[in-house]
Each structure stands twice: as structure tokens, then as C-alpha cells.
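The values are calculated or read from the model by the stated rules, or taken from the named source; none is laboratory data. Everything numeric in this text was worked out from a predicted model, so none of it was measured. Glycine also receives a Cβ, built like all others from the backbone with ideal geometry; neighbour counts cover every protein chain displayed.
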Amino acid sequence: MKLIDTVTADEMALLRRDLHAHPELAFAELRTADLIAAKLAEWGIEARRGLGRTGVVGLIHGRDGGACGRAVGLRADMDALPMTELNTFGHASRHPGRMHGCGHDGHVAILLATARELARRRDFDGAVVLIFQPAEEGGGGAREMIADGLFERWPVEAVFGLHNWPGLPAGSIAVSPGPVMASSNEFLITIRGKGGHAAMPDRTLDPIPVACQLVQAFQTIVSRNVKPIDTAVISVTMIHTGEATNVVPDACEIQGTVRTFSTDVLDLVERRMRELSVHTCAAFGADCEFEFQRNYPPTVNSAVEADFAREVALDVVGPALTLAQEPTMGAEDFAYMLQARPGAYLFLGNGDGAHRAAYGGGHDAGPCMLHNPHYDFNDALIPVGASYWVELVTRWLARPAA
């Protein structure tokens, strides 16, 4: 089922490639926001700017002018990544060090195609809130839009989002209830000892053996403190210490990330990491400074909305392309919206990267994975994603209010 016409799909593909060529980083999506606002105005859609600094919100009233008071939200993220693109096709990034390496350009194009079709049809009662969100890549743009009154000004019943997913068949849709993406958190542990000559270790308090003990001990949290049916990942990714081979350093820093699917497990991991750090350092006679920063919470689909989204997928793409959603330990700030409103976050299959062959270029055969310098969004997904969104909001607003 494809509800948007070929002209719209082709126009949105060109727009998507324009966005890809002009990527903008978190909270700097000014050109992108200008383009979105201009398109919404062209189609007669009311738009507001400035939520979450650079966010754009569009409002489409149905045939009743929104008199019934019902509304459903759709979200697309806008920002690019601080990385250099290695593709050489015509729409490759024109800005070194900035790249749409996660497909947010495609998400914007899908939501704009959806907006155009809904504004043309308006064959529903209620309203659709189009949320073009900045700063998903670490900036917490969803949190900032909510803090600026997103859901107070536009009180939607439910909110839905999607992300293209390389490796899944192109045009497939995967959605399931429960946790689908993990929380993202960072830690910094500073071990302070006493430096000195490496030939006289007895006169020093070497922080490096303490760090080695901690790195090993942290894995016992996962294997012996977290329930086997729960999930947690503790990754020590940086150890910084020392300046010379014959000097025992004064201090050592350990940094890394923690990811879980629930706040309860996260509470447990943080508590045990702190206890192990403080007491292990004390056992060696060293001092400890423990810092733990919670970033994005887990992304958890509510059951009713996820099941509804799956039913729509069955009708739009068919049973063969409607898949169970395998949770990933990656993080997503749509989690904040799902904390504020019920809803679901789904994956739209981006294929295996073969679509890039039609774009040309000499270095486009690298892996088409998210956050990879050879990645590119598959434009064939625009009509699929837009058709899905149109069907979802139309059917949502047609069902009885909760």
C-alpha cells in the first residue's frame, strides 16, 4: 500500500539529498529548520519554531478543525553527526567533519511527505502534531522540547517515532512492546595514589594495579549482581595515566559507559560500581573520586501503542515484512517522549546498502551501517514510511478515544 504519489516521493528524495549534502549538528539545525518551516507553510500547515532551541512543530487539523480535541504525535530527528563522510556521490556532505551518518535526513523527508499527504486529505477528525526534533545525537533535544512545553501546548494522546535500520529488509517494519533501546550513561573514576620512581615501587602508591582490579571487578556486577534474565553492559573504554616508563604516576582515570534496559538495573549497577570503587581504593590505601552521569533513559514501547503500530504495519507492508523488534543496547532520546506520553518507536528496514550503487561514486561500497562514513539513507523508504504514518494516524484518530 502506497498512499503518497510518485511526484511527492521524488520531490522528497531530492529534498532528502539536499539535507544530506548540508548536515547540521545538534542545536545548529537552522537551515534544516528553515527548509521544514517553508515546506509546511507552502502546504498550508501551521508551524511553530524555537522549541528545544531549533525544533519545529507542525499542526494539521482534520476535517473537524480539531474540534474533537484529539491529537496524535509523530516525531523525526534532524541533526547530523560530527564525522567525515567517505561517500563520493553527488549528494555527499559538503562540510568536512559533519555527516548525516544516521539517516535523520531521511526521517525528516518521511515526515514531510506525511505532512503533505495529510494536509491534502484531511479525512480525519482531530489533529496530527508533527515534531521535528533537534539534537538527538547526544544533545537531548527531546528533553529540551518537552521542557519548553511541547506536550502542554500540543497534548497528544500518543506519540510515535521511527528509525531506519540497516540490515533489516528494505521497507520492513519492526515493532514490539517493552524495552527496545537501552539507557546511556557515563562514568569517570579517578584513583589517586602517590607517584615516584619505578625502580622504588615500595615508596609509591601505584594507582595502576588498583585500576586493573576495578576493571575486572566491574564485570562481576553483570555476572553476579544483575539477575541473569536482566541485561546490563559495563564497558571500560578509556584508562588514562602515566607520562614516562620509569615513573609511577600519581593518579589514574577510568572512563566508560553503562547501558541497561531498566532504571532499577541501572540503580543497582551504579551503586555497586561506586561501592567497589571506593572500597577497592581504600583497600590499597588510595583515594577515589567517583562520577556517574545518566544520559538517555531506556526507550520503552507501551504495549497498547506497540501492538497497534504492529497491526498497521501488517496492513501496510504485509506479514512478511512485519517483524519482531530485537532490542538494541544503543540509546535514543525519544525515550523522554515515551516517558511523557504512551507510544512506540519502530525500526524501518534500510536494506543492505545496495541502493547506493545507483548514486555513483568511487568509495561507496563500504558498510552501510549507522554511524559509518559510508552510510546513506535509502530513498525507497520515503513512500513506505510516509504511507505507514498516514495510515497509522488516520486509524488512530478513527478509533474510540481512551
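Just wondering, is there one or more residues in the range 328-343 that are over 30 Å from ALA232 (Cα atoms) and among the β-branched types (Val, Ile, Thr)?
no
Could you identify the single residue in THR84, THR88 that is hydroxyl-bearing (Ser, Thr, Tyr), part of a loop (DSSP other than H, G, I, E, B) and either within 30 Å of PHE124 (Cβ to Cβ) or touching a Pro at 6+ places or on another chain (Cβ under 6 Å) (or both)?
THR84
If you scan the range 181-197, which residues turn out to be exposed (fewer than 15 other Cβ atoms within 10 Å of the Cβ) and more than 30 Å from MET337 (Cα to Cα)?
Result: HIS197, single match.
Which condition from (1) outside any strand (DSSP E or B); (2) surrounded by fewer than 17 Cβ atoms within 10 Å (Cβ to Cβ) is the one that SER235 breaks?
Of (1) outside any strand (DSSP E or B); (2) surrounded by fewer than 17 Cβ atoms within 10 Å (Cβ to Cβ), only one is false for SER235: (1).
Just a yes or no: is a residue in the range 263-278 under 30 Å from PRO209 (Cβ atoms) and touching a Ser or Thr at 6+ places or on another chain (Cβ under 7 Å)?
yes
Looking at the range 350-363, can you tell me whether even one residue there is in contact with a helix residue (DSSP H, G or I) (Cβ under 6 Å, 6 or more places away or on another chain), buried (at least 24 other Cβ atoms within 10 Å of the Cβ) and either closer than 23 Å to ASN295 by Cα or of a type outside the set (D, E, K, R) (or both)?
Checked against the condition, which is being in contact with a helix residue (DSSP H, G or I) (Cβ under 6 Å, 6 or more places away or on another chain), buried (at least 24 other Cβ atoms within 10 Å of the Cβ) and either closer than 23 Å to ASN295 by Cα or of a type outside the set (D, E, K, R) (or both), the range 350-363 yields no hits at all.
Report, by residue number, each residue of the range 234-255 that is closer than 20 Å to ASP287 by Cβ and either in contact (Cβ under 8 Å) with a residue 24 or more places away in the chain or basic (Lys, Arg) (or both).
Hits for the range 234-255 are ILE239, THR241, GLY242, VAL247, VAL248, PRO249, ASP250, ALA251, CYS252, GLU253, ILE254, GLN255.
Report those helices (runs of 4 or more DSSP H) wholly inside the range 118-231 carrying at least 1 residues which are in the same structural domain as GLU243 (by TED's automatic domain parsing).
It comes to 207-220.
Out of the range 44-65, which residues are under 26 Å from LEU25 (Cβ atoms) and not hydrophobic (A, V, I, L, M, F, W, C)?
Across the range 44-65, the qualifying residues are ARG48, ARG49, GLY50, GLY52, ARG53, THR54, GLY55, GLY58.
Can you tell me which residue within the range 41-81, out of those that are outside any strand (DSSP E or B) and of a type in the set (D, E, K, R), is farthest from VAL129 (Cα to Cα)?
Restricting to residues being outside any strand (DSSP E or B) and of a type in the set (D, E, K, R), the top hit is ASP79.
I'd like to know if the range 208-223 contains one or more residues that are touching a helix residue (DSSP H, G or I) at 6+ places or on another chain (Cβ under 9 Å), surrounded by fewer than 21 Cβ atoms within 10 Å (Cβ to Cβ) and farther than 30 Å from GLY138 by Cα.
Looking through the range 208-223, at least one residue is touching a helix residue (DSSP H, G or I) at 6+ places or on another chain (Cβ under 9 Å), surrounded by fewer than 21 Cβ atoms within 10 Å (Cβ to Cβ) and farther than 30 Å from GLY138 by Cα.
Would you check if there is a residue in the range 344-359 being charged (D, E, K, R), over 30 Å from PRO96 (Cβ atoms) and out of contact with any Ser or Thr (no Cβ under 7 Å at 6 or more places or on another chain)?
no
Name the single residue that is surrounded by the fewest Cβ atoms within 10 Å (Cβ to Cβ) among those in the range 256-273 being without any contact (Cβ under 8 Å) to a residue 60 or more places away in the chain and under 16 Å from THR299 (Cα atoms).
That would be ASP264.
Going by what's in this entry, would PRO155 be described as in contact with an Asp or Glu (Cβ under 7 Å, 6 or more places away or on another chain), in contact (Cβ under 8 Å) with a residue 60 or more places away in the chain, surrounded by fewer than 21 Cβ atoms within 10 Å (Cβ to Cβ) and not small (Gly, Ala, Ser)?
Taking the combined requirement at face value, the residue does not satisfy it.
Hey, among the residues in the range 63-113 that are at positive phi and in contact with a strand residue (DSSP E or B) (Cβ under 7 Å, 6 or more places away or on another chain), which one's modelled with the highest pLDDT?
GLY103
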